[in-house]
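What follows is a short report on a single structure.
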Amino acid sequence: MRNPSFTSNIRSILLVASWDLMKLKNQKVFLAMRVAWFTLQVLVFARAISFIVSQSILEYTGGVDYYYFYLLGIYTSLIYSTSISRGYVIADEFDDGIVEYHLSLPIKRGVFAVGRVLGSSLSTIIFTLPMMIVVYVILGVSNLFSIIVSLISALVFSIGVVSFVLLLVFSVKSTDLTDILVGAIDALLVRLSTVFYPLPVIEASGIAPYYVIALMNPISNLADFLRILVFPEYYMVFKYGVAPIVVYMVAFSMGLLVLAVEYYERKLEAGGWK
Amino acid sequence: MKSKAVEIENFTKKFGDFTAVDNLNLDIYENEVFGLLGPNGSGKTTTLLTIATVYKPTSGDIYVYGHSVTREDYVVRKLVGIAFQDPKAMWIDKPYELLTWHARIVGYSSSEAKKVVQDVMELLGLWEHRNKQFYQLSGGTRKKVELAKVLIQKPRVAILDEPTAQVDVLSKHALWDVIKKLRDEGTTVIIATNDMFEAEKVCERIAIIYKGKLRALGTISELKDSIPSGDLVEVQFEGGGIPEGLLRALRDIGRVEARSSVLKVYVEKGEEKVIDIIELFRRYNVKILRIMVKEPTLDDVFTYITGAKLREES
Ligand SMILES: Nc1ncnc2c1ncn2[C@@H]1O[C@H](COP(=O)(O)OP(=O)(O)O)[C@@H](O)[C@H]1O
Ligand SMILES: [Mg+2]
């Protein structure tokens, strides 16, 4: 038995999601630049850094070469930054009144929210796909399973971040404040994560808030999950195993998605953009 | 009893401390072209966006076919389509792409969407612009893309916010025909405008709103009749003068201004009084060469009601 309202909701979600995908092709030049920059970063700067750090850190990475550790870190931070930059897209749309148009469409608000989040996070994954290929080629990953699981986990992560930034933009309703907050959160959260250093190193630094934030940081969780997928030996670093990471990631994303849906259904109203 | 498509009940909308719409009460009947007439800043757009569930009322409620915009917003959105005052698109968007997405969202299958989008775009003369980017389009063309969304959707209630602003005069007439056709096919049309010519041309009933408040409501002739002695019956007659008896009889009908061969009578309901006037001329054997009833314009009505001008002189 097919529930007609369920199938029609799925249809609506996918159609709404196609809004963001439709816009993606306008970003070809931007994408080419990002890929070039990323490749340069990976091939030149990341090598330089890992040349400096490499030997001393092996005991904290379960034997994983720092260069590889770092590659998955910057790939994760790229997914994060791309997801959070969707905030600028939404802010631009609000500015141009597209939000009013969207709110007038014959779609349930909650369904629209899910479609919008899904579209933005799928765009993020597609946008970062060339960079993922660069990284996975360098790492020599050919296991289809781990590639698919990587993509799914990146999508789940992105859903959480996009939901968060949607809530943020709609709450502040201001171009300037969006620029400031999104920029700050982007820069800060990447630094307070395991993108650059493994958890034990951060713990050893003795700065407790740094460690706690890095531990709870969704960016850390995705980076470490991707590392475990590619280098099972990295698993050694985690006292509590991999299950808490998975549970945390899913709870983070679904929690924020539910909040975004609630916001769309109960509070969201056009107008008042500054 | 005509059935009601939209009922606006004690609707108030505030933005912060500012009251944009103040306790509005209004019924819009099924299958009429209804006009919201008022100068910029009257609260027309605010009202229309609330009917479309884009804004929420601060107090009061609006019902579309009995469904509340506050409690059943989704049901309302399935009944309503809106063409916004400011066309909603990013500068980089292309009309065809935008309208195809719109068609899919409002329920067409992929192949139906292609067809209806092409039909509507051809009807509005948009087909040649289909793959241009929005910043390349003229203001009038952008407004037509906005109108196309509603024509594609064919909603029960169509909301058109200043549909022909920025559109050239020739296209205006074509769009008015399109709007009337939409009504003929069963849609209730609500138009906001500050163009009294447009209001006279397409609207059957009109609400005059000014500074957030309803000032007058009725058909165009009802509104015009609401101005005391607002009509003017102008008679050109043969011969050099008017018999004293005829003049006296005419003065019972309205205020009279007589010149050598033209006579003006200021009356209420000119279209009815003109028959009496013709009858009097016949009785006194004065031959009428030409007779005209001039109504006050909606501008006159607006000025009479609000003491303001509909459009600021530029
Ligand atoms: N989102 C908003 N925030 C604050 N003020 C608004 C907003 N929208 C409209 N207004 C104000 O409400 C009044 C009515 O505006 P509007 O409904 O757009 O009038 P109209 O469509 O008749 O020109 C105006 O004074 C306008 O500045
Ligand atoms: Mg307006």
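The values are calculated or read from the model by the stated rules, or taken from the named source; none is laboratory data. Source: prediction; values computed, not measured. Don't worry about glycine lacking a Cβ; one is built from the backbone with ideal geometry, like all the others, and counts go over all protein chains shown. Keep in mind that these areas ignore ligands, DNA and RNA; they rest on the heavy atoms of the full protein, side chains included. Shrake-Rupley method; radii C 1.70, N 1.55, O 1.52, S 1.80 Å.
Points worth noting:
- Across region A:138-236, the volume of the C-alpha convex hull divided among the residues equals 118 Å³ per residue.
- Membrane-span-like helices in chain A, defined purely by DSSP H runs whose alpha carbon atoms cover 15 Å or more axially and whose average Kyte-Doolittle hydropathy reaches -0.5, are A:4-24, A:28-40, A:46-57, A:66-95, A:109-139, A:144-172, A:175-191, A:218-230, A:243-266.
- Distance between the 7 Å Cα→Cβ label points at residue B:204 and residue A:6: 4.5 nm.
- Gained length - residue A:65 relative to residue A:142, 0.36 nm times residue gap less alpha-carbon distance: 25.9 nm
- Against chain B, whose longest principal axis comes from its Cα atoms, helix B:139-153 is set at around 70 degrees.
- Highest GNM mean-square fluctuation among B:69, B:293, B:21, for chain B modelled with Cα contacts below 10 Å: B:293.
- Gained length - residue A:191 relative to residue A:212, 0.36 nm times residue gap less alpha-carbon distance: 6.3 nm
- Region A:20-138 pair-distance distribution - Cα-Cα, 10 Å bins, rounded %: 12, 35, 25, 17, 9, 2
- Per-residue mean of foreign Cβ neighbours for A:108-119 is 1 (Cβ atoms of other chains, 10 Å radius).
- Measure of compaction for chain A (Cα Rg per 2.2 N^0.38 Å): 1.05
- Alpha carbon convex hull of the protein assembly as shown, projected area averaged over orientations, nm²: 35.1 nm²
- For residues of B:82-92, the mean tally of beta carbons on other chains within 10 Å: 4
- Convex hull volume per residue in cubic angstrom - Cα atoms of region B:4-225: 117 Å³
- Spin-label model, residue B:31 to residue B:59: label points 7 Å out along the Cα-to-beta-carbon direction sit 3.8 nm apart.
- Amide hydrogen proximity for residue A:273: with H placed 1.01 Å from N in the peptide plane, no residue at 5 or more positions away or on another chain lies under 5 Å.
- Placing B:167, B:106 in order of accessible area, with the largest value first and a 1.4 Å probe, yields B:106, B:167.
- Degrees separating the helix B:169-184 axis from the principal Cα axis of chain B, which is the longest one: 80 degrees
- Of B:94/B:172; B:180/B:273; B:44/B:143, those spanning more than 25 Å from alpha-carbon to alpha-carbon: B:180/B:273
- For region A:51-96, convex hull volume per residue from C-alpha positions, Å³: 75 Å³
- Distance between the 7 Å Cα→Cβ label points at residue B:238 and residue B:283: 2.1 nm.
- The length gained on full extension between residue B:219 and residue B:91, counted as 0.36 nm times the residue separation minus their Cα-Cα distance, comes to 42.1 nm.
- Between the Cα long axis of helix B:95-105 and the first principal axis of chain B there is an angle of about 80°, rounded to the nearest 10.
- Over the Cα atoms of region B:231-295, the radius of gyration divided by the Kirkwood radius equals 0.90; this is the Rg/Rh ratio.
- Listed peptides A:89-98, A:179-188, A:116-125 appear in the order A:116-125, A:89-98, A:179-188 once ranked by packing, highest mean of other Cβ atoms within 10 Å at the front.
- In this structure, the residue pairs whose Cα-Cα separation is over 24 Å, taken from B:115/B:144; A:274/B:144; A:267/B:13, are A:274/B:144.
- Gap separating the Cα centres of region A:167-240 and region B:208-287, nearest whole Å: 82 Å
- Remark on residue B:65: its backbone amide H falls under 5 Å from those of B:6, B:7, a criterion applied only to residues 5 or more positions apart or on other chains, H modelled at 1.01 Å from N.
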